[in-house]
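These notes concern the structure reproduced below.
Quick note: the coordinates plus some simple rules give every number you see, no bench work behind them. All values derive from a computational prediction rather than experimental measurement. Methodologically, a virtual Cβ is constructed for each residue, glycine included, from the backbone with ideal geometry; neighbour enumeration extends over all protein chains shown.
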């Protein structure tokens, strides 16, 4: 019997890392997405492996559609995706709203809003019964 496969976008730190580790301890194989901190992602991978599961770290910016697609394709090496958690998010550079740059607003929305939608689209394309998955 195959193990369930979870991809955690933003899985290298904080809540995402806790979810990835808990899933590993509960019998999941886990793909851990990270933006910049490879060491933190590898620490999560090691924790999942210590629980008896398979795990991989996948670098990718969850604000860029092409990178999201690449991350999901890389996660496929663990097997068919059965679960997905979006824990990726940024706050942007700290500033007053009247002083915030348009670039900062775009970066925040690209990751937190658009990125979440692109991630869900990619997950649905793998998990939905309409697309040959088992549902989710």
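Here the gap between residue 13 and residue 64, fully extended at 0.36 nm per residue and compared with their Cα-Cα distance, gives a gain of 16.4 nm. Note: relative contact order over the chain, using C-alpha pairs below 8 Å and six or more positions apart, is 24 percent. Working ranking of peptides 28-34, 113-119, 84-90 by packing, defined as the average number of other Cβ atoms within 10 Å per residue, highest first, is 28-34, 84-90, 113-119. Could you tell me the distance between the Cα centroids of the range 72-92 and the range 1-52, to the nearest Å? Cα centroid of the range 72-92 versus Cα centroid of the range 1-52: 10 Å apart. For the chain, adding -39500 (n - 2.57) for each run of n ≥ 4 DSSP H residues and dividing by the number of residues yields -13000 deg cm²/dmol at 222 nm.
Helix 14-25 and the long axis of the chain differ in direction by around 0°, with both axes built from C-alpha atoms. If you line up the long axis of helix 115-127 against the longest principal axis of the chain, both from Cα atoms, how many degrees apart are they, to the nearest 10? The angle comes out at about 20 degrees. Taking every C-alpha pair closer than 8 Å and separated by at least 6 residues, the mean separation divided by the residue count of the range 1-71 gives a relative contact order of 29 percent. Take the alpha carbon gyration tensor of the chain, find the square roots of its eigenvalues, order them as a ≥ b ≥ c, and report rounded if a/c is under 1.5; if not, report prolate when a/b exceeds b/c, else oblate. Note, shape of the chain comes out oblate. Hey, what angle do you get for helix 38-50 against the long axis of the chain, alpha-carbon based, 0 to 90 degrees rounded to 10? Tilt relative to the chain: about 20 degrees.
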